[in-house]
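The values are calculated or read from the model by the stated rules, or taken from the named source; none is laboratory data. These numbers come from a predicted model, not from an experiment. Quick note on the areas: whole protein, heavy atoms, side chains included, nothing else; ligands and nucleic acids left out. Shrake-Rupley method; radii C 1.70, N 1.55, O 1.52, S 1.80 Å.
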Amino acid sequence: MFSRIARLFVIKTRLEAFAIIYALAVGAVTRGFVYLQKYPGVLGYLLFAACTGAVFMAGGKLLDATRGPRHRRSSLRRIVTRARTYG
């Protein structure tokens with residue numbers, strides 16, 4: 001029973017990943033506006049940027065994780081080749 005419920009929380013397609021990234025972005029911007037009201041000035045803007053920056057990092061990780069294994073292998077191969085030529 002638990003495995004059937006757990007399957008609902010697996011992100012399988014890039015469309016699902018984009019929907020989750022959108023939801024994260026809406027929440028981050030909302031939280032950023034709260035920070036701007038609570039901490040006016042530079043500190044509020046820095047906290048706002050931190051909220052949105054976290055969405056960029058999480059979104060990139062989600063999109064990389066939903067790519068097919070062929071793309072991941074070719075990306076890894078390209079990175080290793082580049083590191084060997086420059087290193």
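Tell me, yes or no, whether the stretch 36-50 has at least one residue that is open to solvent by less than 50 Å² (accessible area, probe 1.4 Å) and not hydrophobic (A, V, I, L, M, F, W, C). Looking through the stretch 36-50, at least one residue is open to solvent by less than 50 Å² (accessible area, probe 1.4 Å) and not hydrophobic (A, V, I, L, M, F, W, C).
For the stretch 1-75, please list each of the helices (runs of 4 or more DSSP H) lying entirely inside it that holds at least 3 residues being of a type in the set (Phe, Trp, Tyr).
14-38, 42-65
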